[in-house]
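Q: First the structure, which I've put down as C-alpha cells, then a few questions once you've had a look.
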Amino acid sequence: MYPTVQMEIPGWHPGLPPKTMGRLSEALSRPAAQQPGWPDATQVRSVSAFLAALPPLVTPGEVRALRRDLARVARGEAFLLQGGDCAETFAGNTEEHVRGNAATLLRMAAVLAEGAGLPVVGVGRIAGQYAKPRSNATDGLGLPVYRGDIVNSAAPDPRARIPDPVRMVQAYQDARRTLDILRSGRSAGIYTSHEALLLDYECPRLVPDPDGGPRLYSGSAHLLWIGERTRQPEGAHIAFAGLLANPVGLKIGPGTTPEQAAEYAERLDPEGEPGRLTLISRMGSARVRDVLPPIVERVTATGRRVVWQCDPMHGNTHESATGYKTRHFDDVLHEVEGFFEVHRELGTHPGGLHLELTGDSVTECLGGVRGITAHGLAERYESTCDPRLNAHQAMELAHRAAGLFGR
Ligand code: PEP
Ligand code: MN
C-alpha cells in the first residue's frame, strides 16, 4: 500500500465562495492516495496559483450537455463509448496521434450505433489523461516509478523520476492544444475525460456553478473518474468527486462488494440523477459473470439509474513470455461478452465500454485477426503504461460488441 498524503489546504482560490471553500478544504483534509512526493511544497503552491488563473478547458455548458447525454445512456436510450491512451504523453501528443485516436473512436461509435440501434456518446481518454496510479513505488530497474508525464518523466534516470510540479503547467498547455486539435477537426463531437488523480492539478480547475448551484464545475474535462486505487470511501478522491457538478465515473474491481457499490452510488449520486454516476466495472474475464450481477442488483435496488460501463482492459493484464505488460484480445472480448450476458439476464442496460486504444499501429495487445504474438509485441510497443488495442483490434472489438446487442 502507498502512504497517503495530507493535501495542502489551498489558499489560492479567491473565486470560490467561503462555504464552498470550506467543503473543498474538508475534502482535501482527508488522506489522498497516490499523490507524488513533491520535493518543494512552496513551488507546488505557486504552480497551483498560476494554474488557477488560467481559463477552464471545458465549459459548464458543455458539461451540462454531457450530463443530458449520460442521462439518456442511464435510461437505456443511448450507449457510451469511452477510450484512448492509458497515459497520454507530452511527446506523443502530435496532431496525427490525436486525430488518429479520435477517428478510431468515431469509427467504432458508428459501428456500435448501428449494432445497438441507439445513438453513441463518444468520450475520449484525452486532453488531460496524464497522471497514473501505480501498484509499486519502484519500477523493474529499482527506480522511483513513473507516475505520468504530469508528474515525472518515463526516462530511466533517477533524476528524471523526481516529481516536478512545473509539469502540471505543461499538462494544461498540452491538454489545451489537444482540445484545439479536436475542435478544429471532424472530431468536435467527442467529450473529454481523464482520471481525477492528481489533486494539485484538479483543484485549481474548479469554478463555481454559474447558476448558483452547490456543486463545483471542473474545467479540467467533461467527465472525471476515480480509479480503483484511489476509491477509499473516506479518502480525498471520493470526497472531491462528491463536490463536482460534472458527471463522475468510478472504477470498481472484483473486490468491490454489492454493499460498497450501493454506498458509492448513494454518496456520489445523492439526488438520484440518471447518469450522474458511471460505474466502470473492471472485473477480469474470468470473474465478471460471478461478481457483477449482485452489484448491479444491489445498486438497482437503491432506485438509482447509473451508467453501467465495462472496462475489459484492467482486469485482464498479464506479462507476456517476452516480458511485456500485455492483454489478450480474446480476454478483452470475453469480458465484454460476460458484461452483456449479465445485463441481458438482469434486464438492465449494458450502457457502455471503456477502452484503452489508439489509432496508431502499435503492437501492445496480443491476438486479434492479425494475430499479434508474444514475439510480435516488440515490433511497436510504445505505451509508457498499459497496453492499448491498436486501430484494427479496436475496430474488431467494436464489430464483435455491436453483434451482442439484442441477442
Ligand atoms: C486506468 O484506467 O488507466 C487505470 C489505472 O484503471 P484502474 O483504476 O481501473 O486500475
Ligand atoms: Mn491503464
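Q: Against the condition farther than 22 Å from E228 by Cβ, hydroxyl-bearing (S, T, Y) and either away from ligand 1 (no atom under 16 Å from the Cβ) or out of contact with any Cys (no Cβ under 6 Å at 6 or more places or on another chain) (or both), how does T317 come out, does it pass? First the steps, then the outcome.
A: Values: farther than 22 Å from E228 by Cβ: no; hydroxyl-bearing (S, T, Y): yes; either away from ligand 1 (no atom under 16 Å from the Cβ) or out of contact with any Cys (no Cβ under 6 Å at 6 or more places or on another chain) (or both): yes.
The answer is no for T317.
Q: Any idea which residue in the stretch 372-393 is nearest to ligand 2 (Cβ to nearest atom), counting only those that are open to solvent by 40 Å² or more (accessible area, probe 1.4 Å) and out of contact with any Pro (no Cβ under 8 Å at 6 or more places or on another chain)? Full working, then the answer.
A: Residues of the stretch 372-393 that are open to solvent by 40 Å² or more (accessible area, probe 1.4 Å), as a first pass: 373, 375, 378-382, 384, 392.
With the extra rule that they be out of contact with any Pro (no Cβ under 8 Å at 6 or more places or on another chain), the set shrinks to 373, 375, 378-380, 382, 384, 392.
Details: T373: 22, H375: 24, A378: 20, E379: 21, R380: 18, E382: 14, T384: 11, H392: 20 Å.
Out of the qualifying residues, it is T384.
Q: Looking at the stretch 108-123, is at least one residue within 16 Å of ligand 2 (Cβ to nearest atom) and of a type outside the set (A, V, I, L, M, F, W, C)? If you could, list the steps in order and put the result at the bottom.
A: Filtering the stretch 108-123 for residues within 16 Å of ligand 2 (Cβ to nearest atom) gives 123.
If we keep only those that are of a type outside the set (A, V, I, L, M, F, W, C) as well, we get none.
The answer is no; no qualifying residue exists.
Q: Could you count how many residues in the stretch 347-357 are in contact with a Leu (Cβ under 9 Å, 6 or more places away or on another chain) and open to solvent by 10 Å² or more (accessible area, probe 1.4 Å)?
A: First, pick out the residues of the stretch 347-357 that are in contact with a Leu (Cβ under 9 Å, 6 or more places away or on another chain): 350-357.
Narrowing the set further to residues that are open to solvent by 10 Å² or more (accessible area, probe 1.4 Å) leaves 350.
Selection size over the stretch 347-357: 1.
Q: Right, another one. Open to solvent by less than 10 Å² (accessible area, probe 1.4 Å), of a type in the set (D, E, K, R) and modelled with pLDDT of 95 or more - does that describe any residue in the stretch 285-297?
A: From the stretch 285-297, those open to solvent by less than 10 Å² (accessible area, probe 1.4 Å) are 288, 292, 295-296; that's our starting set.
Narrowing further to those that are of a type in the set (D, E, K, R): none.
Checked against the condition, which is being open to solvent by less than 10 Å² (accessible area, probe 1.4 Å), of a type in the set (D, E, K, R) and modelled with pLDDT of 95 or more, the stretch 285-297 yields no hits at all.
Q: Mind checking which helices (runs of 4 or more DSSP H) fall wholly inside the stretch 41-129 and carry at least 2 residues that are within 25 Å of I181 (Cα to Cα), small (G, A, S) and touching a strand residue (DSSP E or B) at 6+ places or on another chain (Cβ under 7 Å)?
A: Values: elements: 41-52, 60-74, 95-116.
Here the list reads 95-116.
Q: Scanning for something in contact with a strand residue (DSSP E or B) (Cβ under 9 Å, 6 or more places away or on another chain), under 23 Å from S25 (Cβ atoms) and away from ligand 1 (no atom under 16 Å from the Cβ), does the stretch 173-188 turn up at least one residue? Give the derivation first.
A: Here is the first cut: in the stretch 173-188, the residues in contact with a strand residue (DSSP E or B) (Cβ under 9 Å, 6 or more places away or on another chain) are 175, 178-179, 182, 187.
Narrowing the set further to residues that are under 23 Å from S25 (Cβ atoms) leaves none.
For the stretch 173-188, residues in contact with a strand residue (DSSP E or B) (Cβ under 9 Å, 6 or more places away or on another chain), under 23 Å from S25 (Cβ atoms) and away from ligand 1 (no atom under 16 Å from the Cβ): absent.
Q: Considering the stretch 243-254 alone, what residues qualify as being under 18 Å from S29 (Cβ atoms) and open to solvent by less than 10 Å² (accessible area, probe 1.4 Å)?
A: We begin by selecting, within the stretch 243-254, every residue under 18 Å from S29 (Cβ atoms); these are 243-244.
Across the stretch 243-254, the qualifying residue is only L244.
Q: Can you name every residue in the stretch 57-75 that is open to solvent by less than 30 Å² (accessible area, probe 1.4 Å) and more than 21 Å from the chain's Cα centre (by Cα)?
A: Within the stretch 57-75, no residue meets the criteria.
Q: I've got another one for you. Kindly state which helices (runs of 4 or more DSSP H) lie completely within the stretch 188-291 and contain at least 1 residues that are touching a Cys at 6+ places or on another chain (Cβ under 9 Å).
A: Because the criterion is at least 1 residues that are touching a Cys at 6+ places or on another chain (Cβ under 9 Å), the helices (runs of 4 or more DSSP H) in the stretch 188-291 that meet it are 236-243.
Q: Let me spell it out: the conditions are (1) modelled with pLDDT of 95 or more; (2) surrounded by fewer than 19 Cβ atoms within 10 Å (Cβ to Cβ), and L54 meets all of them except one. Which number is the exception?
A: (1) is the only condition that L54 fails.
Q: Now a separate question. Please list, ordered by first then second residue, the pairs with beta carbon atoms under 6 Å, 6 or more apart or interchain, first in the stretch 207-235 and of a type in the set (F, W, Y), second modelled with pLDDT of 95 or more and within 16 Å of ligand 2 (Cβ to nearest atom).
A: W225/E195; W225/G249
Q: Any residue in the stretch 156-181 that is touching a residue at least 40 places away in the same chain (Cβ under 8 Å) sitting within a Cβ distance under 8 Å of a residue that is in a helix (DSSP H, G or I) and of a type in the set (F, W, Y)? List the pairs, counting only those 6 or more apart or interchain.
A: If the second residue must be in a helix (DSSP H, G or I) and of a type in the set (F, W, Y), the pairs left are M168/Y201; V169/F50; A171/Y201; Y172/Y201.
Q: Report, by residue number, each residue of the stretch 113-136 that is within 11 Å of ligand 1 (Cβ to nearest atom) and farther than 30 Å from R344 by Cβ.
A: Let us first name the residues in the stretch 113-136 that are within 11 Å of ligand 1 (Cβ to nearest atom), namely 125, 129, 131-135.
Q129, A131, K132, P133, R134, S135, listed by residue number.
Q: Inside the stretch 53-91, can you point out the residues that are hydrophobic (A, V, I, L, M, F, W, C), in contact with a Gly (Cβ under 8 Å, 6 or more places away or on another chain) and away from ligand 2 (no atom under 16 Å from the Cβ)?
A: L57, V58, L70, A71, V73, A74, F79, L80, L81
Q: Separate question: So in the stretch 161-196, with the set limited to residues that are within 20 Å of R67 (Cβ to Cβ) and hydroxyl-bearing (S, T, Y), which one is nearest to ligand 2 (Cβ to nearest atom)?
A: S193
Q: Right, next: Examine the stretch 115-135 for a residue that is surrounded by fewer than 20 Cβ atoms within 10 Å (Cβ to Cβ) and free of Cβ contacts under 8 Å to residues at least 12 places away in the same chain, and state whether such a residue exists.
A: Scanning the stretch 115-135, I find no residue that is surrounded by fewer than 20 Cβ atoms within 10 Å (Cβ to Cβ) and free of Cβ contacts under 8 Å to residues at least 12 places away in the same chain, so the answer is no.
Q: Residue by residue through the stretch 301-319, note down the ones that are among the hydroxyl-bearing types (S, T, Y) and either within 15 Å of ligand 2 (Cβ to nearest atom) or closer than 13 Å to L81 by Cβ (or both). If you could, list the steps in order and put the result at the bottom.
A: From the stretch 301-319, those among the hydroxyl-bearing types (S, T, Y) are 302, 317; that's our starting set.
Scanning the stretch 301-319 gives a single hit, T317.
Q: Okay, next question. Taking the condition of being open to solvent by 10 Å² or more (accessible area, probe 1.4 Å) and part of a loop (DSSP other than H, G, I, E, B), how many residues in the stretch 321-339 meet it?
A: 4
Q: Right, next: What is the one condition in (1) under 25 Å from R107 (Cα atoms); (2) buried (at least 22 other Cβ atoms within 10 Å of the Cβ); (3) of a type in the set (D, E, K, R) that D360 does not satisfy?
A: Here D360 clears every test but (2).
Q: Of all residues being farther than 10 Å from L197 by Cβ and within 16 Å of ligand 2 (Cβ to nearest atom) in the stretch 225-242, which is most open to solvent (accessible area, probe 1.4 Å)? Just the residue, please.
A: Step by step, filter the stretch 225-242, then rank; the result is E228.
The values are calculated or read from the model by the stated rules, or taken from the named source; none is laboratory data. Source: prediction; values computed, not measured. Backbone-built Cβ (ideal geometry, glycine too); neighbour counts: all protein chains shown. SASA here: full protein model, heavy atoms, side chains in, ligands and nucleic acids out. Shrake-Rupley method; radii C 1.70, N 1.55, O 1.52, S 1.80 Å.
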